[in-house]
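So that we are looking at the same thing, I have put the structure below in structure tokens.
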Amino acid sequence: MTAPHPPTGTLAGVLPGALAALGTGSPDPLGLADAIGPVRQVVVLLVDGLGHRLLPAAAHADPLFADIVAGTAGTLRELASAFPSTTPTSLVTLGTGTLPGAHGILGFTLNVPGSDRVLTHIAWRADPDPSVWQPQPRLLDASAAVTTSVVASADYAGSGLSTAAYGAPRYLGTGRRLGLARAVLREVSAGTQLVYGYHPALDTSLHLHGLDSDEWRAAARDVARIITQIVERLPADAVLLVTADHGGLDVPPDRRFDLDTDPRLRAGVRVVAGEPRARYLHTEPGATDDVLAAWRAVLGDSTLVMSREEAVAAGWFGPVRPEHLPRIGDVVTVSRDDTVVLATAHEPAMVAKLVGYHGAATPAETAIPLIALRR
């Protein structure tokens with residue numbers, strides 16, 4: 001019962017490597033400084049949901065991705081997201097250069113210890129205090145060794161998740177009047193040394209329509225357009241690094257369990273957190289062993305069911321700070337195949353209606369690309 005240990009490096013190494021390439025002396029676990037050569041500016045574009053295993057599908061949607069996969073445009077390597085393979089966890093992993101056990105954003109939703117409250121990180125504002133809930137330094141903060149900026153939707157500015165991931169950098173909000181590529185290039189023209197951009201639409205199309213859909217292919221073409229617009233106007237001494245927070249997969253209707261309609265799965269569970277492919281179950285006093293046994297019996301080989309202690313000892317989260325341990329469920333479940341465990345009485349109805357999901361540790365979800373492109 002061991003955690004996946006990718007041989008190629010993780011998302012946590014991307015920003016330290018970008019800083020190293022800019023001559024800061026930052027640790028460089030991915031060897032990016034040598035790989036991309038001397039640069040004066042780095043743009044990091046995180047495309048939500050652009051998993052490495054999804055690049056062949058993207059290649060059928062747009063010639064740029066076909067060239068990237070073929071090795072005729074830029075350089076491509078495979079990295080791994082952290083676990084769980086979910087956006088809040090990955091954004092903070094990127095922004096701090098640390099694994100979830102250190103930064104504490106251990107899932108899409110988490111139980112706030114000492115209560116029955118479940119914190120949804122994408123809807124988080126100021127409670128709990130982001131600087132307490134996430135204690136690691138942020139690499140994009142205004143106090144960074146180089147000038148930095150974050151370019152993302154204006155809707156995300158000042159949110160708890162943005163603060164946890166990025167600190168207090170220069171933040172340029174995008175919207176109808178200012179698109180992502182144009183905003184990134186504005187920061188490059190201003191001389192900002194490290195520009196970070198975030199694009200969410202590809203993941204949205206995966207969730208709502210699935211991988212084999214016209215909507216997903218259209219979203220992939222839009223990503224290619226943004227990349228092309230940025231690369232064509234980069235200075236010669238700048239580089240664009242494109243990466244992702246996770247991949248994803250489609251889940252058929254007949255591969256869905258619902259803990260809220262199955263008494264065997266509901267028994268002994270006090271708080272449900274995580275997400276459908278990576279669940280955290282906080283149990284009633286004395287019920288953990290019974291919950292473990294019931295979930296293993298019902299889910300069988302489709303899902304790995306562990307105690308918190310087993311998951312932590314196996315290294316799924318990296319070393320876990322003691323104060324973060326209660327955020328992890330007494331029981332941790334990880335989907336092994338194309339199944340999900342829904343919680344229809346605990347989550348918005350939309351969650352059960354999604355086509356595509358992520359969060360577990362299959363290569364389709366954890367493998368992410370790192371693409372380096374220069375003009």
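How many Å² of accessible area per residue for region 4-144, probe 1.4 Å?
37
Right, something else. At 222 nm, what value in deg cm²/dmol follows for the chain if DSSP H runs of at least 4 each add -39500 (n - 2.57) and the sum is divided by all its residues, to the nearest 500?
On the way: 16 runs with 122 residues, N = 375.
Value at 222 nm, helices only: -8500 deg cm²/dmol.
Quick one: what Rg and Dmax do you get for the chain from the alpha carbons, in Å?
Gyration radius and largest Cα-Cα distance of the chain: 20.1, 63 Å.
What percent do you get for the relative contact order of region 7-54 when only Cα pairs under 8 Å and 6+ apart count?
The normalised contact order for region 7-54 reaches 29 percent.
In Å³ and rounded to a whole number, note down the convex hull volume per residue for the Cα atoms of region 228-375.
152
Which value results for Rg/Rh of region 240-279 when Rg is the Cα radius of gyration and Rh the Kirkwood radius based on the inverse mean 1/r?
Across region 240-279, the Cα-based Rg/Rh ratio is 1.16.
Which of ALA293, VAL269, LEU240 sits farthest toward the positive end of the charge dipole of region 219-375, with +1 on the Cβ of Lys and Arg and -1 on the Cβ of Asp and Glu?
Result: LEU240, furthest along the dipole toward the positive end.
Along the principal axes of its C-alpha atoms, what lengths does region 1-92 span, in descending order and rounded to whole Å?
Here the Cα extents, ordered largest to smallest, are 40, 39, 23 Å.
With +1 on each Lys and Arg Cβ and -1 on each Asp and Glu Cβ, and nothing else charged, work out how big the dipole of the chain is about its Cα centre, in Debye to the nearest 20.
So the dipole magnitude of the chain works out to roughly 980 debye.
Compute the long axis of helix 180-189 from its Cα atoms, compare it with the longest principal axis of the Cα atoms of the chain, and write down the angle in degrees, 0 to 90, nearest 10.
Between helix and principal axis, roughly 50 degrees.
Once the cut-off is 16 Å, how many percent of the Cα-Cα pairs in region 306-365 end up in the long-distance tail?
Values: 997 of 1770 pairs.
Roughly 56 percent, once rounded to a whole number.
Something else about it: Below 14 angstrom from the Cβ of ALA220, what's the summed charge of the other residues (Lys, Arg +1; Asp, Glu -1)?
The answer is -4.
Heavy-atom accessible area of ARG138 with all protein chains present, probe 1.4 Å, nearest 10 Å²?
40
For region 1-144, calculate the relative contact order in percent as a whole number, restricting contacts to Cα pairs under 8 Å that are 6 or more residues apart.
21
Work through the residues other than LEU281 whose Cβ is under 9 Å from its Cβ and net out their charges, Lys, Arg +1 and Asp, Glu -1.
Values: positive: ARG270, ARG279; negative: ASP330.
Taking every Cβ under 9 Å from that of LEU281, the sum is +1.
Keeping the other protein chains in place, figure out the carbon and sulfur percent of the accessible area of region 63-166, with a 1.4 Å probe.
Exposed carbon and sulfur together represent 58 percent of the surface.
Right, another one. With all distinct Cα pairs included, what does the Kirkwood hydrodynamic radius of region 48-188 come out to in Å, to one decimal, could you say?
Mean inverse Cα-Cα distance, inverted, gives 16.8 Å.
Compute the helix-to-body angle for 288-299: its Cα long axis versus the longest principal axis of the chain, expressed 0 to 90° and rounded to tens.
That works out to roughly 80 degrees.
Could you give each residue of region 103-109 its phi-based ³J(HN,Hα) in whole Hz, using Karplus coefficients 6.51, -1.76, 1.60 with θ = phi - 60°, and x for Gly or Pro?
8, x, 8, 8, x, 4, 10
Follow-up. With a ≥ b ≥ c the root eigenvalues of the C-alpha gyration tensor of region 114-245, is it rounded (a/c under 1.5), prolate (a/b larger than b/c) or oblate?
Values: a/c = 2.33, a/b = 1.16, b/c = 2.01.
Because a/c hits 1.5 or more and a/b fails to exceed b/c, region 114-245 counts as oblate.
So how much accessible area does VAL355 have, in Å² to the nearest 10, using a 1.4 Å probe?
Taking all protein chains as shown, VAL355 has close to 50 Å².
On to the next question. As I understand it, the value is the acute angle between the Cα axis of helix 214-232 and the longest principal axis of the Cα atoms of the chain; what does it come to in degrees, rounded to 10?
30
Shifting gears a bit: What whole-number volume per residue, in cubic angstrom, does the convex hull of the C-alpha atoms of region 167-244 give?
Hull volume normalised by residue count: 117 Å³.
What's the local net charge at GLY9, with K and R +1, D and E -1, over the other residues with C-beta under 14 Å away?
Value of the local net charge: -2.
Further question on the same structure: Assign one of three labels to region 61-113, namely rounded, prolate or oblate, based on the Cα gyration tensor with a ≥ b ≥ c the square roots of its eigenvalues; rounded applies when a/c is under 1.5, prolate when it is not and a/b is larger than b/c, and oblate otherwise.
Since a/c reaches 1.5 and a/b is larger than b/c, the shape of region 61-113 is classed as prolate.
The values are calculated or read from the model by the stated rules, or taken from the named source; none is laboratory data. If you're wondering where the values come from, they're calculated on a predicted model, not measured in any experiment. With ideal geometry, Cβ positions are generated from the backbone for all residues, glycine too; neighbour counts draw on all protein chains shown. Quick note on the areas: whole protein, heavy atoms, side chains included, nothing else; ligands and nucleic acids left out. Shrake-Rupley method; radii C 1.70, N 1.55, O 1.52, S 1.80 Å.
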